[in-house]
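Let me begin by presenting the structure, written as structure tokens, before commenting on it.
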Amino acid sequence: MNDFFSSVTQPIPFEGPESENPLAFRWYDADRLVAGKPMRDHLRFAVCYWHSFAWDGFDIFGQGTLDRPWIGSGGDAMDAAKMKMAAAFEFFEKLGTPFYCFHDVDIAPPGDTLAETARNLDEMATLALSYQESTGVELLWGTANLFSEKKYMAGAATNPDPEVFAHAAGQICHALETTHRLGGHNYVMWGGREGYETLLNTDYQQEREQLGRMLALVVEHKHKIGFDGPILLEPKPFEPTKHQYDFDVAACDAFLQRYDLVDDVKLNIEVNHATLSGHDFDHEIAAAFASNLFGSIDANAGDDRLGWDVDRFPVSVEQMSLGMYQILRNGGFTTGGLNFDSKLRRQSIDREDLFYGHIGGMDVMARSLLIAAELLADGVVEDVLKSRYQSWTNPLGQGILGGSETLESLRLHASENDYVAPASGQQEHLENVVRRYIEQVR
Ligand code: XUL
Ligand code: CO
């Protein structure tokens, strides 16, 4: 159990902001109470299996660089999967994250037949269950990989061939049941190749119907097996396809309403997917809460100059503080959490690098939580916001929102009442306040 990361001999400790120990937290103090709740329960950190344990650093220009002895060793695939799982749980335990996430193929190798693939997943899930019990680490969410295999090149649910749809449905069925068996808190559906390259070979309306149908089947099965957690769509505007259907929160919102799925399906918002869709991270969170669709977060960020999905560990306290502020002011996580769908740069080849990436990401999020919590408790932003909309509580505002006013009655009102000059929006002042909190909060 303690073999792969043997240079880290103890759980990563909290040492405080002055610490210079690279293997200690400076801000993440799991038991520290923030607004009456331990940091651990606010942040609900998860490590992702795929980038950290199922990826060896390959990119489109070159081979793997990372030392992952269970990948491509040429030996027995199940032995490799077991070695990978031992390393993964050793890491989760030493890092001290309460949750992890996986795709079916991350934890179990495909077999020669569907039946063998299913048996492999069941066997690995049994092992995962015993690790969960012995370490206390829980499954934040499970998912099915419906984008890597050749058969999914034209999509899974949105494939022109219903046979592929059937394969995808079968794979989801088993991944959902496995997630349920492992006590998973959510089930995620990122639409990997649910999109298109050109309308010359794509029937948009047909594919949308298929996607709606698949999601309805998943919801039906979730109820049948008694899985309590939400299904989470993960919006992303493009990559790998040129146009992904689940473009952003607003697109998913419209889609879920069209197919009457808002009660069972919520969203997993990824920081850099928000950026790629042309939105700020906090915008996507606010949009999700406004439609009661907020579920969970993939906390990996992008790079200012790169227009693709670089999956870096989060580094911007300002960006994350604004995001955490939206999460806190709307009541925080319920079933969701902060998953690091983050990967190391491919030159970060020391085993400790995996700790450095996660420790840094967790500290950025913990510090952002502290800043957001104090901003909220002091009311410095909220008071300005409240007073800005105050007059909507007056009879005129209530009449407009309540539906008792008409265009004609409002014309009459406007002709009888002078326009009142608005108060300042105070954007610069508010940005200064946020900056002051970033500098001062301890
Ligand atoms: C891809 C992505 C996925 C999902 C899970 O950009 O974010 O890893 O989080 O399938
Ligand atoms: Co993600």
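Quick notes on this one:
- Positions within the stretch 370-428 being of a type in the set (A, V, I, L, M, F, W, C) and free of Cβ contacts under 8 Å to residues at least 12 places away in the same chain, in sequence order: LEU385, TRP392, ILE400, LEU401, LEU407, LEU410, LEU412, ALA414, VAL420, ALA421
- Qualifying residue in the stretch 159-169 (condition: modelled with pLDDT of 95 or more, open to solvent by less than 50 Å² (accessible area, probe 1.4 Å) and within 20 Å of THR198 (Cβ to Cβ)): yes
- Residues being assigned to a helix (DSSP H, G or I), in contact with a helix residue (DSSP H, G or I) (Cβ under 7 Å, 6 or more places away or on another chain) and surrounded by fewer than 19 Cβ atoms within 10 Å (Cβ to Cβ) - total across the stretch 360-382: 3
- Some residue of the stretch 400-412 being of a type in the set (S, T, N, Q) and either modelled with pLDDT under 95 or under 30 Å from PHE4 (Cα atoms) (or both): no
- Taken over the stretch 23-82, the criterion of being within 16 Å of ligand 2 (Cβ to nearest atom), under 18 Å from SER368 (Cα atoms) and either part of a loop (DSSP other than H, G, I, E, B) or open to solvent by 30 Å² or more (accessible area, probe 1.4 Å) (or both) is satisfied by ARG44 alone.
- Only listed residue being assigned by TED's automatic domain parsing to the domain that holds SER148 and within 16 Å of ligand 2 (Cβ to nearest atom), chosen from GLU220, GLU284, GLU209: GLU284
- Where a residue in the stretch 328-349 is touching a residue at least 40 places away in the same chain (Cβ under 8 Å) and closer than 30 Å to LEU66 by Cβ and its partner, wherever it lies, is away from ligand 2 (no atom under 16 Å from the Cβ) and assigned to a loop (DSSP other than H, G, I, E, B), with Cβ under 6 Å and at least six apart: ARG346/GLY57; ARG346/THR65; ILE349/THR65; ILE349/LEU66
- Condition met for ASP311 (touching a Lys or Arg at 6+ places or on another chain (Cβ under 8 Å), open to solvent by less than 20 Å² (accessible area, probe 1.4 Å) and away from ligand 2 (no atom under 16 Å from the Cβ)): no
- Answer residue from the stretch 175-191, given it is within 16 Å of ligand 1 (Cβ to nearest atom) and open to solvent by 20 Å² or more (accessible area, probe 1.4 Å) and is farthest from THR113 (Cα to Cα) among those: HIS185
- Matching residues in the stretch 146-158 - criterion: being assigned to a loop (DSSP other than H, G, I, E, B) and open to solvent by 70 Å² or more (accessible area, probe 1.4 Å): SER148, GLU149, MET153
- Boolean, LEU385 is part of a helix (DSSP H, G or I) and either under 18 Å from PRO17 (Cα atoms) or open to solvent by less than 90 Å² (accessible area, probe 1.4 Å) (or both): yes
- When residues of the stretch 192-225 are limited to those that are assigned to a loop (DSSP other than H, G, I, E, B) and more than 16 Å from ligand 1 (Cβ to nearest atom), the one most open to solvent (accessible area, probe 1.4 Å): GLU197
- Residue match in the stretch 22-37 (condition: away from ligand 1 (no atom under 16 Å from the Cβ), farther than 30 Å from LEU232 by Cα and out of contact with any strand residue (DSSP E or B) (no Cβ under 9 Å at 6 or more places or on another chain)): yes
- Residues of the stretch 83-105 satisfying the condition of being part of a helix (DSSP H, G or I) and under 28 Å from GLU15 (Cα atoms): ALA86, ALA87, ALA88, PHE89, GLU90, PHE91, PHE92, GLU93, LYS94, LEU95
- Qualifying positions in the stretch 218-251 - among the small types (Gly, Ala, Ser) and either farther than 17 Å from VAL262 by Cβ or touching a Cys at 6+ places or on another chain (Cβ under 9 Å) (or both): GLY226
- Residues satisfying the criterion are absent from the stretch 280-290 (criterion: open to solvent by less than 10 Å² (accessible area, probe 1.4 Å) and under 23 Å from GLN210 (Cβ atoms)).
- Criterion (more than 16 Å from ligand 2 (Cβ to nearest atom), closer than 24 Å to TRP50 by Cβ and of a type in the set (Ser, Thr, Tyr)) met by exactly one of SER321, SER316, SER291: SER316
The values are calculated or read from the model by the stated rules, or taken from the named source; none is laboratory data. The model shown is predicted, which means the values in this text are computed figures rather than measured ones. Positions of Cβ are backbone-derived with ideal geometry, glycine not excepted, and every protein chain shown enters the neighbour counts. With ligands, DNA and RNA removed, areas are computed over all heavy atoms of the protein, side chains included. Shrake-Rupley method; radii C 1.70, N 1.55, O 1.52, S 1.80 Å.
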